[in-house]
Amino acid sequence: MVAFATALDPLRLANRMLGYEAYKWRLASLDGKPVRASNGVECTVDTSLEEERRRMTGSDRPSMVVVCTGVHVEKYNNRSVFAWLREEYNRGVAIGGLCTGSYVLALAGLLSNKRCAIHWENLPGFQEAFPKANVFADLFEVDQNIYTCAGGTAALDMMLKLIGDDFDESVVNRVCEQVLTDRVRSPTDRQRLPLRARLGVQNAKVLTIIELMEANLAEPLSLLDIADHVDLSRRQIERLFRTEMGRSPARYYLEIRLDRARHLLIQSSMPVVDVAVACGFVSASHFSKCYRELYARSPQQERVDRKQLLAA
């Protein structure tokens, strides 16, 4: 709902600032029936997929189609929607994805060799499912006629970029004043809080080490390699982590690798052994043992619990 609202309302405000209807929109669902958002709010729509197909060659064909999706998107599968998106794109219509909408665009075959963005929580599963897509943990990406954003308030930044391309900075600034934001964020601004704020850690060396760990999950660095990177001894790193993080660097490294594994188990259909390899484990049995110790359930049980949740 946040991504949906912050994508739509800047267009309304741009019309208001301009004094005429520069932008028009309509909402569509698969069957033309209302759609319930993840927060429980029901949104009525104007058209159905069938009606939109009829409009593809008419005077009211869209100049842009934007897909808005949320949680559990990895389970979505509708060939009619995928075919429609491809047809619109091939006719020169711009295609956009809000939040996890990039997943649907990738399933439709529109993101091969394209830059795109997706919510950070879905990034690990997306990278494994669509290796041909150039996905980034950016706020939004524009690659020719493809617009994608990470969701949340990043939708506002992407639409302000669109408005700025159509008009000028003065219109964008007036819209910003209306929504009480002081700037349009850069596409490459962080999705997540900086490590310093997220972890409550101030030590620059520790933050550098954690960044190294997060960048090397499939092939974990040894503590000696890390020590060489930050010009510290192994013993100094051990002491720093005990003081700042309350555990050893090896334990912390293991936890962030298991966190990535959990996202892959939830978001993808990768075999458990492939998840293990992708997260730097030498065997599925060692991976399962470590996973169970941290989460009190096996990787297989994580999958079973997820399926039961989706079926409920």
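Of 183, 239, which residue is more than 25 Å from residue 278 (Cβ to Cβ), modelled with pLDDT under 90 and open to solvent by 70 Å² or more (accessible area, probe 1.4 Å)?
Numbers: 239 fails: modelled with pLDDT under 90.
Criteria check complete, one pass: 183.
Between a residue in the range 54-76 that is without any contact (Cβ under 8 Å) to a residue 12 or more places away in the chain and any residue that is not in a loop (DSSP other than H, G, I, E, B), which pairs come within a Cβ distance under 8 Å, given they are 6 or more apart or on different chains?
55/47
Scan (1) under 17 Å from residue 3 (Cα atoms); (2) open to solvent by 70 Å² or more (accessible area, probe 1.4 Å); (3) among the basic types (Lys, Arg); (4) not in a helix (DSSP H, G or I) for the single condition residue 161 breaks and write down its number.
(4)
In the list 58, 96, which residue meets the criterion of being modelled with pLDDT under 95 and either open to solvent by less than 50 Å² (accessible area, probe 1.4 Å) or in contact with a Phe, Trp or Tyr (Cβ under 6 Å, 6 or more places away or on another chain) (or both)?
Unique residue meeting the criteria: 58.
Could you check how many residues of the range 260-278 are in contact with a Phe, Trp or Tyr (Cβ under 9 Å, 6 or more places away or on another chain), open to solvent by less than 70 Å² (accessible area, probe 1.4 Å) and within 16 Å of residue 218 (Cβ to Cβ)?
The total comes to 6.
Quick one: residue 53 ticks every box in (1) open to solvent by 80 Å² or more (accessible area, probe 1.4 Å); (2) not in a helix (DSSP H, G or I) except a single one, so which number is it?
Here residue 53 clears every test but (2).
Residues are listed down the side, and each one gets a yes or a no for (1) surrounded by fewer than 12 Cβ atoms within 10 Å (Cβ to Cβ); (2) in a helix (DSSP H, G or I):
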| site | (1), (2) |
| --- | --- |
| 202 | yes, no |
| 213 | no, yes |
| 232 | no, no |
| 254 | no, yes |
| 258 | no, yes |
| 280 | no, no |
| 286 | yes, yes |
| 290 | no, yes |
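Of a type in the set (Gly, Ala, Ser), modelled with pLDDT of 95 or more, under 19 Å from the mean Cα position of the chain (by Cα) and over 19 Å from residue 4 (Cβ atoms): which single residue out of 106, 137 fits that description?
106
The values are calculated or read from the model by the stated rules, or taken from the named source; none is laboratory data. Please read all numbers here as calculations on a predicted model, not as lab measurements. Quick reminder, even Gly has a Cβ in these numbers, built from the backbone with ideal geometry, and neighbours come from all protein chains shown. Heavy atoms of the whole protein, side chains included, go into the accessibility calculation; ligands, DNA and RNA do not. Shrake-Rupley method; radii C 1.70, N 1.55, O 1.52, S 1.80 Å.
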